[in-house]
Amino acid sequence: MFNYTFHWNQALRSLPQMLDGALVTLQIAILSMAIGLAIAIALTLFRLSGNRILGGFATTWVEIARNTPALFQIYMAHFGLGNFGIHLSPYTALLVGIAFNNAGYLAENFRGALKAIPDTQARAGRSLGMTSLQAFRYIVMPQMLRIAFLPATNQMVWAILMTSLGVTVGMNTDLAGVTQELNARSFRTFEFFALAAVIYYVIAKAVTLAARAFAWRMFRY
Amino acid sequence: MFNTALTWNDLVFLAQGAGMTLMVTAVSVAAGTVLGIVFGLIRVQCGPYWSAPLTFALDVFRSVPLLIQLVLGNALQSIMKLGWPPFTTSCVVLSLYTAAYCTEIVRGGIGAVPPTTRRAARSLGMTWWQDMRYIVAPLATRVSLPSWIGLTLGVMKDSALVLWLGLIELLRASQILVTRLQEPLFILLICGAIYFIISFPIARLGGYLEKRWSPND
């Protein structure tokens, strides 16, 4: 069946290069997650504010992020913004695209989490003399983040997997990009990408386990 | 931006791309759902110990980027000299990807049926199959349909990645037009609008069903 000799050595020899790529992947994922988290909290506040323009803006962002492919969003950042004279490098375009996507999904998670918190709590805070921002900051947000933590972990894994899309806009420093470049030099497609798949799997599992340990440490009653 | 060189034929080209996206999605979701139901049943019936290899294999499909899976699938089919066209390869890989997620949904749905209800069915003399067919299936469908709709939309969006194997679907079609007409923003906006029009109503339907069918209301 296999009339093909696997050359694993070649792939294993470039493992250090690929691990460097994995670091870039992780860096993009973490940065995009941090930016996405900040924007998602802002979008949640916009939705809660009752202001129709801000609320509409937040809803539009969430619906566009959730109803178009992540790859489309990265293309938009890379090719689409060129129309306005903004030329982003593949790294920035990837970061912008994934952060946009993360913000939309996280904002939706937060909305679900908010539903689980009785609004009497925020009102109790208000009647204790807190401003509405204080009530959100000290009463609602900690609980919201706790409930949304597990979905956010999933989103983090998604962010790591999404970074592989950078290779389609010419990214060559992250794990997928490095692998593609090594592949273009040697045509050992299967070996290199199988190794990349193993690295992605290990990263994803490590992040999941770390998040679980963190949640156990932080959210124990 | 509005003085466009886009012609009617280019729009038809985009529509054909959208048709390809829908076709890949339909085939993969159909095959993936069948596989997912089978795997889900195996996982529920065999228990965590015996289905551990299956669990691991499916977990791999959820922890490795789809792009890498597609490249690997394509490399594997050429190594095995299967001679599949990109469409078949894409559908096979996407089906397995869908199946991995669908298994979790099916498992969750079956798990949401109260064991007492199933025991009641069995003590009324129903066979395992009758229990599955008349008790578990309706109740589990009610729980898992909204997330299944979410999965279908997810696969529809992820199917954009098959452009890497050279299949001309919606995003690739718009990229070809961008290369030719040099109007990236306008064409990408049309492309995004098409994705949005396909996805948004179905997502809304899913949200409605989730609200309408949630068991505790």
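The values are calculated or read from the model by the stated rules, or taken from the named source; none is laboratory data. Since the structure is predicted, the reported quantities are computational estimates derived from the model, not experimental observations. Because the Cβ atoms are built from the backbone with ideal geometry, glycine has one as well, and the counts that use them run over all protein chains shown.
Taking the listed residues A:L114, A:L95, the one that is in a helix (DSSP H, G or I), more than 14 Å from chain B (Cβ to nearest Cβ) and under 26 Å from B:L205 (Cβ atoms) is A:L114, with no other qualifying. Within segment A:176-205, the set of residues being modelled with pLDDT under 90 and either farther than 23 Å from A:Y91 by Cα or surrounded by fewer than 19 Cβ atoms within 10 Å (Cβ to Cβ) (or both) comprises A:E181, A:A184, A:R185, A:S186, A:F187, A:R188, A:T189, A:F190, A:E191.
Taking helices (runs of 4 or more DSSP H) as the structural unit, those lying wholly within segment A:9-92 and holding at least 3 residues that are among the β-branched types (V, I, T) and closer than 30 Å to B:F186 by Cβ correspond to A:15-49, A:52-67. Hey, among A:L114, A:L128, which residue is farther than 18 Å from A:F46 by Cα and out of contact with any Gly (no Cβ under 6 Å at 6 or more places or on another chain)? Result of the check over A:L114, A:L128: A:L128. Note on segment B:1-88: enclosed helices (runs of 4 or more DSSP H) holding 3 or more residues that are away from chain A (no Cβ under 12 Å) and closer than 30 Å to A:L81 by Cβ are B:8-50.
When segment A:100-122 is filtered for residues that are under 15 Å from A:S49 (Cα atoms) and at pLDDT below 90, the ones remaining, listed by number, are A:R111, A:L114, A:D119, A:A122. Checking segment A:24-32 against the condition returns no match, with no residue being within 14 Å of chain B (Cβ to nearest Cβ), of a type in the set (V, I, T) and surrounded by fewer than 17 Cβ atoms within 10 Å (Cβ to Cβ).
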